[in-house]
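Scroll down for the structure; my scribbles are underneath it.
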Amino acid sequence: MNLQELVEPDRVHKRVYTDQSIFDREMTQIFERVWVYCGHDSQVPQVGDYHAVTIGRQPMVMIRGKDRQIHVLHNRCPHRGVQLCGNQRGNVGSALVCSYHAWSFHLDGRLRSVPLPRGYDGTRMTADNPDCSVKRAARVDAYRGFVFASLSATGPSLLEFLGEAKVAFDDMCDRSPVGEVEVVPVCHRVIQHSNWKFFMENQLDALHPSVTHQSTGAAAGRIEQQIKEATGAAPLYYHYLSAFASKFEQWDAVQTINFPRGHGILKAYMGLRPQDPDTRAHEALLVQAYGAEQTEAYLSRGIHHVLVYPFLSVQSPLQQLRCLRPIGPGKTLSEIWHFRLKGAPEAIYRRALWYYNLVNSPATMVNADDLENWTKGQWGLESDGGDWVSFHRNFGDDTEDRGVSEAVMRNQFRAWSQYMAETGNAGDASAAHVRR
Ligand code: FES
Ligand SMILES: [Fe+2]
């Protein structure tokens, strides 16, 4: 199969969303090579704390070592392959101990002891053989507390990979007067019955909200108006929903910016910088910490989402992060996390929590309507009703100063094609730097 024939500059063949062999190649060429998000430093605060995570198709575990370093290990005993950590998260104490024959391992994966080791004398599995230790992710690094691992020993550094998309983490952390966030240690997990690319395309698709989310936005807007008329002001969270009902033309004015490697930004549209007493109290703390000028620079970045292709959507102004773990061509797990700004008023956290529950949780109509579109999209692409997916809107007119378009999807597929085509180091893929 010639993959290049499936991705044209303005359209993409449906097979890239439905074909098992293409999905398998995505796992080896992309997800098991690039830097993948594992979790936040604060998820494993104590020595021995672990959090299980999937990188591509590999069950891994992020664990805090005795040296306080975070290690990312394959969740597999080197003896007969049994999973070492059976839960999503927990604490293993001072060592990983396999539940089958009690081989034990230091928290960085090195073999600690084997019961009755004399049985291995004269074999190739003696304690000095590295095969007796738990296999580690080739590389682990973190940026502002967000931990990533790459299963490829070579390729760009984490910062090179993130490029300008690292602003996702700066824009989140700089809203804390101490420059740090901590995870809220539960997340929503949603299985989407659609290819992972539907999610990534949708994040920067600013034309769909006024259609898909019209019913939710309009209903919230009516109630918001009634409350305003009765009391003078409505709680901010009504605005989170009513903003979805903005007109097509308003959405068309929302800028998206494309970065290399498929990353991108959807610029702010929701007016997420209100002037209520809670916001003013929060901003006063930031001014105390950083001075007025720096605070203004931090708060005026004007971001709604940042996309780290191919798996993260970070909504930095509201401290939300969604991470994809693809399962099959038509099945994707998404994790929906949110964070507290350390040192910020409780009301600012409650605001993030409202958004988390009202817009990003599986219980909201906003998310449910998106999920329905993607499922129906997957069904359509699995049918014989046509072969191509169109990304023609404003094709050939990709410039910095125009409104939204399908340029973001075209940018994502440029990166996808390069990753999929590479025979050497997939991590070196860089899409053309096109702004829109
Ligand atoms: S499989 Fe782990 S100790 Fe035997
Ligand atoms: Fe949506």
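The Cα center of the range 62-115 and the Cα center of the range 318-348 differ in position by 27 Å.
In terms of accessible area, using a 1.4 Å probe and ignoring ligands and nucleic acids, W374, W379 rank largest first as W379, W374. Exceedance of the 18 Å cut-off in Cα-Cα distance is limited, within the set K135/K331; K14/K376; K197/K331; K197/K267; K166/K267; K197/K376, to K135/K331; K197/K267.
Near A137, the amide H atoms lying under 5 Å from its own belong to V72, L73, H74; only residues 5 or more places off or on other chains count, and H is placed 1.01 Å from N. Distances between placed amide hydrogens fall under 5 Å for C38 paired with V147, F148, A149, all partners being 5 or more residues away or on another chain. For the peptides 9-22, 29-42, 62-75, 118-131, the ranking by packing is 29-42, 62-75, 9-22, 118-131, with the highest mean count of neighbouring Cβ atoms within 10 Å listed first.
Checking every one of the chymotrypsin sites (Phe, Trp or Tyr not before Pro) in the range 272-342 against DSSP loop status and a limit of 13 other Cβ atoms within 10 Å picks out no site at all.
Both radii come from the Cα set of the chain: Rg as radius of gyration, Rh as Kirkwood radius; their ratio Rg/Rh reads 1.00. Applying 1/(1 + (r/R0)^6) with R0 = 56 Å to the Cβ-Cβ distance of S21 and Q288 gives a FRET efficiency near 0.50. Extension gain for T123-V82 works out to 12.7 nm (0.36 nm per residue, less the C-alpha to C-alpha distance). The dipole here belongs to the chain: it is taken about the Cα centre, uses +1 on the Cβ of Lys and Arg and -1 on the Cβ of Asp and Glu, and is about 1300 debye.
Taking one quarter of the surface of the convex hull spanned by the alpha-carbon atoms of the range 36-143 gives a direction-averaged projected area of 6.8 nm². When the surface is traced with a 1.4 Å probe over the full set of protein chains, L381 keeps roughly 30 Å² accessible.
Using a probe of 1.4 angstrom and keeping all protein chains present, the accessible surface of the chain works out to 43 square angstrom per residue. Relative to the current alpha-carbon distance between R189 and E5, full extension at 0.36 nm per residue lengthens the span by 62.8 nm. Summarising the amide proton neighbourhood of F339: residues at separation of 5 or more, or on other chains, whose placed amide H is nearer than 5 Å comprise V184. With the convex hull of its Cα atoms as the shape, the range 90-140 has an orientation-averaged projected area of 4.4 nm². 3J(HN,Hα) couplings calculated from phi for the range 324-336 with the Karplus curve 6.51 cos²θ - 1.76 cosθ + 1.60 (θ = phi - 60°) are, in sequence order, 9, 10, x, 10, x, x, x, 8, 9, 9, 10, 9, 10 Hz; Gly and Pro show x.
Unpaired Cys in the chain, meaning no second Cys C-beta under 4.7 Å: C38, C85, C132, C173, C187, C323. Placing dummy labels 7 Å off each Cα toward the beta-carbon, the span from A102 to E160 is 4.7 nm.
Apolar share of the accessible surface for the range 36-143: 46 percent from carbon plus sulfur atoms, 1.4 Å probe. Each label point was placed 7 Å from the Cα along the Cα-to-Cβ direction; for R89 and R393 their separation is 3.7 nm. Once C-alpha pairs closer than 8 Å and six or more residues apart are averaged by separation and normalised to the residue number of the range 36-143, the relative contact order reads 22 percent. Shape analysis of the range 288-330 yields a ratio of the Cα radius of gyration to the Kirkwood radius, Rg/Rh, of 1.21. In summary, the helical segments of the chain meeting the span-like criteria, namely a full DSSP H run, a Cα extent along the axis of 20 angstrom or more and a mean Kyte-Doolittle hydropathy of at least -1.0, are 214-231, 365-382, 407-421.
The values are calculated or read from the model by the stated rules, or taken from the named source; none is laboratory data. Everything quoted here is computed from the prediction, not taken from an experiment. Note that each Cβ is placed from the backbone with ideal geometry, even for glycine, and that neighbours are counted across all protein chains shown. All accessible areas refer to the heavy atoms of the entire protein, side chains included, with ligands and DNA or RNA removed. Shrake-Rupley method; radii C 1.70, N 1.55, O 1.52, S 1.80 Å.
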